[in-house]
Structures are given as structure tokens and as C-alpha cells.
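Have a look at the structure below before the remarks.
Throughout, read-outs are computed from the coordinates displayed, never taken from laboratory work. From a predicted model like this one, the values you see are computed outputs, not experimental measurements. Neighbour counts run over all protein chains shown; Cβ positions are idealised from the backbone, glycine included.
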Amino acid sequence: MSFEAIKNDEQQYMMHAYGRFPVALVSGKGAVAKDVDGKEYVDFTSGIGVNCLGYCDEGWTKAVSTQAATLQHISNLYYSPLQTDVAKKLCTLSAMEKAFLCNSGAEANECAIKIARKYSFDKYGGGRQKIVTLVNSFHGRTVTTLAATGQDVFHNYFFPFTEGFTHAQANDTDDLKAHITEDVCAVFIELVQGEGGVMPLEPEFVKAIASLCQEKDILLMVDEVQTGISRTGDFFCYQGYGLQPDVVTAAKGLGGGLPIGACLCGEKTKDVFVPGSHGTTFGGNPIACAAAKEVLSRVAAPEFLQEVKAKGEYIREKLQSIGNVKEIRGKGMMIGIVTEKDNAKEMAGKCLENGLLILTAKNLLRLLPPLTITYEEIDRGLQILKNTMEA
Ligand SMILES: *Cc1c(COP(=O)(O)O)cnc(C)c1O
């Protein structure tokens, strides 16, 4: 099938919810994808931070295909040793207490929001259900997670949104304090705002949030959907900030390419849900759990995390000598590049033509390479980026 034929079918049969790059990808290995015409692309996107082990990693493929041939789905009416393995591993690695497994980032965040409201209702009764999120945040595309998202561009068309969210300025402790009113039950933050333009929060601001929350029994909830699963060089980004949240959400990298999300609870929140409080048909699916189990057995090892940090440093270092690079932001292998010419979108399109998949966020170029990318693949990708940026 030709690219043109695929594109025509897409136009005819799919809702136009996405602006797509003009390429149809059909296979991949490591950090290299192939399109329908056999052209290769170095992948600095890993499917927006999903394919943390790259394409068709041997261990991952074996875990997934073996499970597919063993038991593809049960329901949450029965126990599953794969679910308990994943939950146990997540709790051990995060110092959290209990997990709820779901299918996506937005769902993990919906779960966190429900936990915050029920925690507060159980303890204080009604009238204390407001959640503070940050301006420029991104928490998902469902009606409630859009309400949580602190970007006005997302607040069109779909009225009415879920009530009870208010947005404070990032890195502004006074503004945060002004938002902490008597009716607030939780503060919900990304430690590095991803879609908002790869903006890390300042450690002092995060400390201030943590102590305010502690003081007033307000839940500290961290959206690690993009930053989690070793992306920033710690298993969870909050571990690098020296934080212990009450609720943590994860998704993107967790399944290494299959849809799975998790909401993790600490001591305060672990028993908020009781049978009937929440549920999902697909959440904790055995194949997705087999994938997550493989991912978790690999990416949290100290040597692996050290490698993520080292590769992040290496990329940053090399980027500094590339023309049109003005500023480099982020943490570990979550990297944003402000361009001199303010032409990130155009550069991303040109990179594709030249054989490099790269993301944008706001007006930045954004890199989320597979965590297992080799130095050779990094060099190959950066060479394409350099040629494109300096052309
Ligand atoms: C991607 C993302 C989400 C939404 O995840 P989906 O799986 O697309 O629902 C939520 N929060 C953050 C920080 C994200 O990066």
C-alpha cells in the first residue's frame, strides 16, 4: 500500500482529530523506525515517551507474545498474578502503598481526582473538594482532566467542564498560597511540565507546596504520566526532588508500548477506595501487565538509571554546539530545545524529511528518545538534527 493510499483512507474514514506528519510507519527496531516505502527514521520520540525500551525489544516482545498465547484477558472479578506483580513492583520502587491499574494517563488522573475528593469527603464531609493545578499544566483529554489542565486553549467548545479546579502560577509560592482556600483538598502537579514546554518546577517551590499540603492535610498529587518510569533519570521524578507524594499517576512509558496506567496511593489515601468506588473493564489487562512487568524489571536498576542520566547529559552537551539552539531545558531524557529562529514546528517537519522523528511542545523542539537508545543512534539522530538546524 502506498503512502498516498493510506493518507486518502485516513482522510475519508478517520475523524480529523490529529495533525499528522506525512509519513506512515510500519516497523521498527531499537530507536529506528521504517516507513511504508522502507525509509528509515531515527526516533527521538518513542511514541511520545511510550516505547521506553525502543521498538521490538527482545525481552519485551517475548513477554507480550508469550502472554498473548497464554491468557489475553480476564476481568477484575478474578485475581491476577500479573496485576499483583506489577502493583507490588510499582509500590516497592516508589515507596507508595497501593496501586490501581488502568489504561491511560487521563484515566490514571481521573482516578487520582476521585481519590482526592473521596478522601476529603470521608474525613471532612462536603464543601472541601477543590483541586489546585498549575497554569500551563497538561493532565489529559477527558472532560475532567481538561478542567484540571491549566491552559486556556483547551477550555473551548466542550462546556460545561467539571467544576472544582483552580490554576496557580508555577514557581510562584505567593500565588499558590492565595489559591489554597478552605475548600481545597489537593494540589496536583507535573514536576516537569511536558506538553506545557518542558518546564521543570523549582525545588524551593516544590518544597513550599509539600509543606503547605502537610500543614493543612491537603493531598500532594504528582502527575508522573510523562516524567515517570525512569524518563528523568530517577524512577519517578519526585524521588529526585526528595518528595513523598500522597498520590502518584503513571502511564506513557509503563507498558513500553501497550496501554496501561497506574494510580499509586500513599499511607493517607491507600484505603480511600472500597469495592464499588471505581472500576475499569480493561485496566490491568494481562498482556499490558506482562509488558509492564518486563519494563519494570529493566528500567529501575541503578545502572540503567545512571545510563539515562549519562545519555541525557551527552545529548545536552552535543546540542550546545548545534546552530539555531538557543536554550536547552528538561531533566534526564526529557529534553526541550528553544530555537533561535523560533521555528520549532518547521524544524520538526524538515527533520522528518531528513530521517529524524522529533516532537514539539508549544514553540519548542522536544526529545523523548527511547531510554535504551544507543550512543550510535543518538549520534546518528543528532547529526540529522544538526544538518537540519544549520541548513
Ligand atoms: C500524556 C499525558 C497525559 C495524558 O495521558 P493519555 O494517556 O494521553 O491519556 C496526562 N498527563 C501528562 C503529564 C501527560 O504527559
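Any chance you could check the Cα centroid distance between region 201-223 and region 318-365 for me, in angstrom? Each part's Cα centre sits 31 Å from the other's.
The C-alpha atoms of the chain define a longest principal axis, and helix 58-68 lies at about 60 degrees to it. Between amide H atoms placed 1.01 Å from N, distances below 5 Å from residue 241 occur with no residue 5 or more places distant or on a separate chain. Between their Cα atoms, which of 29/114; 7/350; 29/331; 98/252; 98/216 are more than 29 Å away from each other? Pairs exceeding 29 Å: 29/114. As a length-normalised measure over Cα pairs under 8 Å and 6 or more apart, the relative contact order of the chain settles at 23 percent.
Per Stokes-Einstein, at 25 °C and 0.890 mPa s, what whole-number D in µm² s⁻¹ belongs to region 71-299, with the Kirkwood radius over Cα pairs as the hydrodynamic radius?
Details: Rh = 17.6 Å.
Estimated diffusion coefficient is 140 µm²/s.
Unpaired Cys in the chain, meaning no second Cys C-beta under 4.7 Å: 52, 56, 91, 102, 185, 213, 237, 265, 289, 351. Each Lys and Arg Cβ is given +1 and each Asp and Glu Cβ -1; about its Cα centre, region 71-299 then shows a dipole of about 700 debye. When you restrict to C-alpha pairs under 8 Å that are six or more residues apart and normalise by the size of region 71-299, the relative contact order lands at 29 percent. The residue 383 and residue 182 beta-carbon pair, evaluated with R₀ = 41 Å, returns a calculated FRET efficiency of approximately 0.15.
Could you work out how much longer the chain between residue 155 and residue 76 gets when fully extended? Use 0.36 nm per residue separation minus the Cα distance between them, nm to one decimal.
Result: 25.0 nm gained on full extension.
For a Förster distance of 25 Å, can you work out the FRET efficiency between the beta-carbons of residue 135 and residue 267, rounded to the nearest 0.05? Mind showing how you got there, number by number?
Numbers: r = 30 Å, r/R0 = 1.20.
After rounding, the FRET efficiency stands at 0.25.
Under the 0.36 nm per residue contour assumption, what length would be gained going from the current alpha-carbon distance of residue 68 and residue 301 to full extension?
Values: separation 233, 0.36 × 233 = 83.88 nm, distance 2.65 nm.
Taking 0.36 nm per residue and subtracting the Cα distance, the gain is 81.2 nm.
Using the Cβ-Cβ distance between residue 123 and residue 34 with R0 set to 56 Å, the FRET efficiency works out to roughly 0.55. Between 0 and 90 degrees, rounded to the nearest ten: what's the tilt of helix 105-124 against the longest Cα principal axis of the chain? Once rounded, one gets 10 degrees.
Roughly what angle does helix 375-389 make with the longest principal axis of the chain, taking Cα atoms, 0 to 90 degrees, to the nearest 10? Helix 375-389 sits at roughly 80 degrees to that axis. Between residue 169 and residue 84, the distance separating the two model label sites (each 7 Å from Cα on the Cα→Cβ line) works out to 5.1 nm. Compactness check for the chain: Cα Rg over 2.2 N^0.38 Å is 0.98.
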